[in-house]
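Trainee: I have a structure I would like to understand better, so I am pasting it below and will then ask my questions one at a time.
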Amino acid sequence: MHRLEVPTPHAPPFAAGTFDDIGPLSRAEFPHRHTFHELVHVTGGTGTHVVDTARWPLRPPHLGVIVPGQVHQWAGVRGLSGHVVVFTDDFLLDHPADRELLHRLSEGPWLTLDDRADADVTRLIADLVEERRHGDESVLRALVHVLVVRAGRLLGTPPPAPAGAVAAEFARLTARPDLGLWSVTAHAGRLGVTPGHLTEAVKAATGRTAAQLLREARTREAQRFLLRTDLTVRQVASRVGFADPAYFCRFFRRETGLSPGDFRRAGEKHHD
């Protein structure tokens, strides 16, 4: 497991330079993981880059994306040249959605660049290397954001929707009876984000987690069945996604303070 080493305790968690500048681990030929993100711009060399189980022959120029925890290595590489940009999640503080985009890019992490795209990436990385000498962290963060967004465009992956838009769409979906019973993971897949990004977006917008809102949606649907239908508790449990009626009863009591039967009887007295 490789960790990002910075020259001083107060230096930003960021580095950019050639393979030689970054050091021999940047071209390690043994399988390894990082605790940081790595963007690789390969301009020369032969051999293979292996990411997880996929093998990518070198036919430069390339742009590669490796995220924390992914296993990768260089195999049989000769004459490797280019630049490497590395940074931790902490460096994405100004643009947290970039973490989501990087993880989506890592699912298809190797792109052969045409001349125009190669020139664009070359300019951006040159700016990063130059700005690193000046040490202006806010400019470095902005340039990394531009590089990540441009990488998304090159790989055909649009940036994730802003947190507010994700939260609003999640709220719209959970209001539908047929979708309110879905899991957080299922909703995240429908919205094209990870479960973690969905949870963060909903938390930021509402102060509650996505899981909490789904529990509330499921409870509302159960209450509707109990008050407006003659379905048995077992049937209501099945309608709102519980195979075990006893577990449904425990869930309902935890969420409302009443058993399903007590809730139905209280509702009947109220209408009487």
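Trainee: Of the residues R78, R123, R59, which single one is without any contact (Cβ under 8 Å) to a residue 24 or more places away in the chain and either farther than 23 Å from T199 by Cα or part of a strand (DSSP E or B) (or both)?
Mentor: After ruling out the rest, the residue left standing is R123.
Trainee: Hey, another quick one. Check whether at least one residue in the stretch 1-17 is touching a Gly at 6+ places or on another chain (Cβ under 7 Å) and either surrounded by fewer than 17 Cβ atoms within 10 Å (Cβ to Cβ) or under 21 Å from L147 (Cβ atoms) (or both), and report yes or no.
Mentor: For the stretch 1-17, residues touching a Gly at 6+ places or on another chain (Cβ under 7 Å) and either surrounded by fewer than 17 Cβ atoms within 10 Å (Cβ to Cβ) or under 21 Å from L147 (Cβ atoms) (or both): absent.
Trainee: With E255, E216, E221 as the choices, which residue is modelled with pLDDT of 90 or more and not hydrophobic (A, V, I, L, M, F, W, C)?
Mentor: Criteria check complete, one pass: E255.
Trainee: Could you check, for the stretch 70-82, whether at least one of its residues is crowded, with 17+ Cβ neighbours inside 10 Å and under 20 Å from V129 (Cα atoms)?
Mentor: Scanning the stretch 70-82 turns up at least one residue that is crowded, with 17+ Cβ neighbours inside 10 Å and under 20 Å from V129 (Cα atoms).
Trainee: Considering only the stretch 187-248, give the helices (runs of 4 or more DSSP H) lying wholly within it that have at least 2 residues that are touching a residue at least 40 places away in the same chain (Cβ under 8 Å).
Mentor: Here the list reads 195-206, 210-228.
Trainee: Let me ask something additional. Looking at the stretch 132-142, is at least one residue under 22 Å from the mean Cα position of the chain (by Cα), crowded, with 17+ Cβ neighbours inside 10 Å and more than 30 Å from A188 (Cβ to Cβ)?
Mentor: The answer is yes, given that some residue of the stretch 132-142 is under 22 Å from the mean Cα position of the chain (by Cα), crowded, with 17+ Cβ neighbours inside 10 Å and more than 30 Å from A188 (Cβ to Cβ).
Trainee: If you don't mind, there's one more thing I want to ask. Got a sec? Which of E29, E38, E100 is acidic (D, E), assigned by TED's automatic domain parsing to the domain that holds A126 and more than 22 Å from L155 (Cβ to Cβ)?
Mentor: Result of the check over E29, E38, E100: E29.
Trainee: I'd like the full set of residues that are within 15 Å of V42 (Cα to Cα) and either of a type in the set (K, R) or under 14 Å from the mean Cα position of the chain (by Cα) (or both), limited to the stretch 66-98.
Mentor: I66, R78
The values are calculated or read from the model by the stated rules, or taken from the named source; none is laboratory data. Here the structure is a predicted model, which is why all the values come from computation and not from measurement. So basically every Cβ, Gly included, is an ideal-geometry build from the backbone, and we count neighbours across all protein chains shown.
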